1. Rounded if a/c is under 1.5, else prolate if a/b is larger than b/c, else oblate: which is the range 216-287, with a ≥ b ≥ c the root eigenvalues of its Cα gyration tensor?
2. Which far-off residues, 5 or more places away or on another chain, put their amide H under 5 Å from the one on Leu124, with H placed in the peptide plane?
3. Over the Cα atoms of the range 50-166, what is the Rg over Rh ratio if Rh follows Kirkwood?
4. I'd like the carbon and sulfur percentage of the solvent accessible area for the range 147-197, probe radius 1.4 Å, heavy atoms only, ligands and nucleic acids excluded.
5. Taking H placed 1.01 Å from N in the peptide plane, check which residues at least 5 places from Thr251 or on another chain put their amide H under 5 Å from its amide H.
6. Please list, ordered by chain and number, the residues whose modelled amide H lies under 5 Å from the amide H of Tyr51; skip anything fewer than 5 residues away on the same chain.
7. Once phi is turned into θ = phi - 60°, what whole-Hz ³J(HN,Hα) does the Karplus curve with 6.51, -1.76 and 1.60 give for every residue of the range 241-255, x standing for Gly and Pro?
8. What does the accessible area per residue of the range 204-287 come to in Å², with a 1.4 Å probe and no ligands, DNA or RNA counted?
Amino acid sequence: MVAMVTRIALTGLASVASVVSLTLTGHGPGPSPLEWGTGPLTVAALPRITYVAHRGGAREVPENSMSGLMTAYERGTAQVLDFDTRLLRDGTPVVFHDETLNRTTYLGGAVRGLDAREWQGVRLRPKDALPGSWRSERPPTVAEVLDRFGGRIVLMLEAKDPRSLDRLAGLIRARGLTRSVFVNSNDPEVARRVHRLGLLAQLWRSAEQLRTDRPERWRSYVDLLDVDHRARDADLLRAVRSGIPRVWAHTVVTDAQRDRVLALGCDGVITDAPGRLARAAQRGARP
């Protein structure tokens with residue numbers, strides 16, 4: 001899979017044929033296709049039950065890496081690619097989860113301490129426990145991910161730094177992707193800002209937060225409520241009945257977890273193992 005990455009150019013989307021069929025998993029015993037026409041693929045094309053590759057599928061690929069995202073895309077077992085974003089010192093948005101480089105790269109120090117030129121020297125350190133063989137690579141910028149995948153598959157990005165919202169909005173708008181990218185935060189006020197910027201607002205909540213949340217208060221500006229699968233049944237049911245259009249559960253890694261949240265009415269599964277869970281669902285494991 002990694003070798004295939006090098007054969008895909010960062011540019012040239014305009015030369016793609018007008019209709020490209022993407023085999024993506026739907027609800028039921030087999031895959032249902034989504035088609036990419038003359039415009040970008042949008043959330044309106046998502047199947048009734050949606051699978052999301054969390055950080056690209058962090059139990060199957062190097063998290064937040066271009067090769068990991070490409071592998072998840074090529075496998076076709078997720079309809080949404082999720083990644084995290086941070087802001088460099090010079091304002092460049094990059095794809096990265098932690099505040100520091102220490103956990104996932106060969107370097108140390110704060111991400112925000114680097115500029116775009118220095119970012120070129122950062123290299124990811126793939127986990128030894130990952131299946132397959134993975135090369136060390138530079139974490140991508142947000143612009144690079146939007147250029148490679150934007151309009152070909154729905155994207156979900158978490159804005160770890162709220163100061164990046166205007167810059168992220170500019171990148172998304174410039175590519176015509178306002179209906180193709182969810183912008184995620186744990187803060188309802190940030191979600192409100194995302195909505196006011198004309199973007200798709202996603203709000204994630206922990207199991208503890210869901211105990212006292214009243215999700216119906218957010219339905220006027222939240223497009224996607226992202227709930228912790230460990231929450232109580234009553235709290236998940238309250239989220240599902242809130243009137244928010246989509247309620248997806250994170251971060252699911254087992255068949256039992258998936259089956260529970262779907263039985264409670266969630267219509268999406270955010271998972272570190274999209275390949276395994278979606279294949280199991282196609283074999284009939286999902287109710």
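1. Numbers: a/c = 2.26, a/b = 1.95, b/c = 1.16.
Verdict is prolate for the range 216-287.
2. Glu137, Arg138
3. Details: Rg = 13.5 Å, Rh = 14.2 Å.
Across the range 50-166, the Cα-based Rg/Rh ratio is 0.94.
4. On the way: 830 of 1980 Å².
The computed percentage sits at 42.
5. Sorted by chain and number, the residues that satisfy this are His229.
6. Gln79, Val80, Val269
7. Each residue's phi maps through the Karplus curve to give 8, 6, x, 6, x, 10, 10, 10, 10, 10, 9, 7, 10, 10, 4 Hz.
8. Working: 3630 Å² over 84 residues.
Accessible area per residue: 43 Å².
The values are calculated or read from the model by the stated rules, or taken from the named source; none is laboratory data. The structure presented is a predicted model; accordingly, all values stated were derived computationally and were not measured. Reconstructed Cβ throughout: ideal geometry from the backbone, glycine too, with neighbour counts over all protein chains shown. Just so you know, the surface numbers come from the protein's heavy atoms only, side chains and all, with ligands and any DNA or RNA stripped out. Shrake-Rupley method; radii C 1.70, N 1.55, O 1.52, S 1.80 Å.
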